[in-house]
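The values are calculated or read from the model by the stated rules, or taken from the named source; none is laboratory data. These numbers come from a predicted model, not from an experiment. So basically every Cβ, Gly included, is an ideal-geometry build from the backbone, and we count neighbours across all protein chains shown.
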Amino acid sequence: MSPSHYENGSCSNCKRENLPVRMYGTLVKLPEGGYGFGDRWLCDSCAPRLELIPQVKLIKGRLYKILCRNLKTGIYDGNGGFIGIREKLGSCYLFTEYHFDHGHIGTVRGMEDTGIQLPDGIPLETRLGSEDQITKRPVAFDRPVAEGGKGWFFTDTGEASEAIWPCAVGNMELFKFLKDHEAGGEGEK
């Protein structure tokens, strides 16, 4: 990792002062064992030992243990992202964190290959489109009506309607797969 990602300061773990440290997010594997929570500034000696695997060596659809701010594990999506389960304010949902080399939005600083592959038939997407909350029919958005579009419409008939109440359709199969492996379910290796 380049020196630009470091600041001069004191390590939250060993308490040594005036040395290069990096911030690590909410879940930190400590050298002495166990995990720490909260933002911590750690020196290289105390930092987690998960390797930063180059993006070109990652396997699409593979489950990785990851070191980042919001996820513990994630399935590599083939485009620089890891889809995992994020918990925020009591809600759990699929969320994507990006590889450190993915530019300014990259937050995944380390990863370990679990050897677990996403089964065929489970889409590698956080959402599976949109549906009308009332009729449960699939819907999509064209352009705003004021700009000459038809707004929200039913994809099965093409019929536009101002009565559509759109909502995202979550990928429950992927969520269940990740939950089973994150919690040590039957698929855990």
Please work out which one of (1) surrounded by 13 or more Cβ atoms within 10 Å (Cβ to Cβ); (2) modelled with pLDDT of 75 or more; (3) touching a Phe, Trp or Tyr at 6+ places or on another chain (Cβ under 8 Å) is the condition Val28 fails and give its number.
(2)
Select from the stretch 164-189 the residues that are at pLDDT below 90 and touching a Lys or Arg at 6+ places or on another chain (Cβ under 8 Å) and list them in ascending order.
Glu182, Gly185
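Could you pull out the residue among Leu42, Leu63 that is buried (at least 18 other Cβ atoms within 10 Å of the Cβ), at pLDDT 65 or above and more than 11 Å from Met111 (Cα to Cα)?
Working: Leu63 fails: more than 11 Å from Met111 (Cα to Cα).
It is Leu42.
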Screening Glu97, Glu87, Glu125 for residues that are part of a loop (DSSP other than H, G, I, E, B), within 21 Å of Glu173 (Cα to Cα) and within 13 Å of the chain's Cα centre (by Cα) leaves only Glu125
